[in-house]
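See below for the structure under consideration.
The values are calculated or read from the model by the stated rules, or taken from the named source; none is laboratory data. These numbers were taken from a predicted model, which means no experiment stands behind them. Glycine also receives a Cβ, built like all others from the backbone with ideal geometry; neighbour counts cover every protein chain displayed. Each accessible area value is taken on the protein alone, full model and side chains, heavy atoms only, with ligands, DNA and RNA left out. Shrake-Rupley method; radii C 1.70, N 1.55, O 1.52, S 1.80 Å.
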Amino acid sequence: MFSPDSKIMQVFSRLADLVLLNILFLITCLPVFTIGAAITALYTMCFRLMREEYSGIIRSYFKAFMDNFKTATAAWLLVMLAAVPALYYLSQTLPAEGFLRYTSFVFILILTVVLMAASYGFPWISQFENTAIQSLKNGLFLSISRLPRTAAVLVINLMPAIVWFISADLFIQVSFLWVALYFAAAAYMNTGLLWHVFKPYRNQ
């Protein structure tokens, strides 16, 4: 049971990898403007974990972080340019009534489109060489063409918000999971969902 090749030890080893990746991700997110590069590096490592093609998680993570920094940061700034005004508008209008409240639907749609593009776009950057704009366009196209799979990806990405909406107390009670494991585990699950979506493009 405790052999390195046993299923139990493989599971524990993968959990340890994800915990380490989660810590690295949170650290590299701290300047905020580096979040795009951190997301991309996280997905780079998750795809390598899936393929069992990695050596030294810390070194590999920071190499991926630097290799994709320019493109991923540009993509992150584009995402924020669209998302922040929409979030601000919604925070002001959702409590309102009448016409202003109805116009919030447009901004909810904008946020949904941005989230779909980003959910595929940053993993795309981790696997292919494109400009930031082209990567987000590809991400949006793929997310629309795989809507059932995209719905699962969005649920995984929005899980903290969903838990908070259901119960703020529950969110606080499991807060250690967000810090210790969630982001890496979410990226790892999404990698499994995106694996076959990206596969045809790797063979081109």
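Within region 57-81, the set of residues being among the β-branched types (V, I, T) and either touching a Ser or Thr at 6+ places or on another chain (Cβ under 8 Å) or in a loop (DSSP other than H, G, I, E, B) (or both) comprises T71, T73.
Within region 63-95, which residues are under 17 Å from the mean Cα position of the chain (by Cα) and open to solvent by 80 Å² or more (accessible area, probe 1.4 Å)? The one that is under 17 Å from the mean Cα position of the chain (by Cα) and open to solvent by 80 Å² or more (accessible area, probe 1.4 Å): L77.
The criterion of at least 2 residues that are surrounded by 13 or more Cβ atoms within 10 Å (Cβ to Cβ) and of a type outside the set (V, I, T) is met, among helices (runs of 4 or more DSSP H) falling completely within region 109-204, by 132-145, 147-157, 159-166, 183-202.
Taken residue by residue, region 150-169 has at least one member that is in contact (Cβ under 8 Å) with a residue 40 or more places away in the chain and not aliphatic (A, V, I, L, M).
Conditions tested, residue by residue: (1) in contact with a Gly (Cβ under 9 Å, 6 or more places away or on another chain); (2) part of a helix (DSSP H, G or I); (3) at pLDDT below 95.
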position	(1), (2), (3)
L26	no, yes, no
S55	no, no, yes
P85	no, yes, yes
T103	no, yes, yes
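Scan region 34-56 residue by residue and report those that are more than 15 Å from the chain's Cα centre (by Cα) and on the phi < 0 side of the Ramachandran plot. The answer is R48, L49, M50, R51, E53, Y54, S55.
Among residues that are out of contact with any strand residue (DSSP E or B) (no Cβ under 9 Å at 6 or more places or on another chain), buried (at least 17 other Cβ atoms within 10 Å of the Cβ) and either free of Cβ contacts under 8 Å to residues at least 40 places away in the same chain or assigned to a helix (DSSP H, G or I) (or both), F47 is included.
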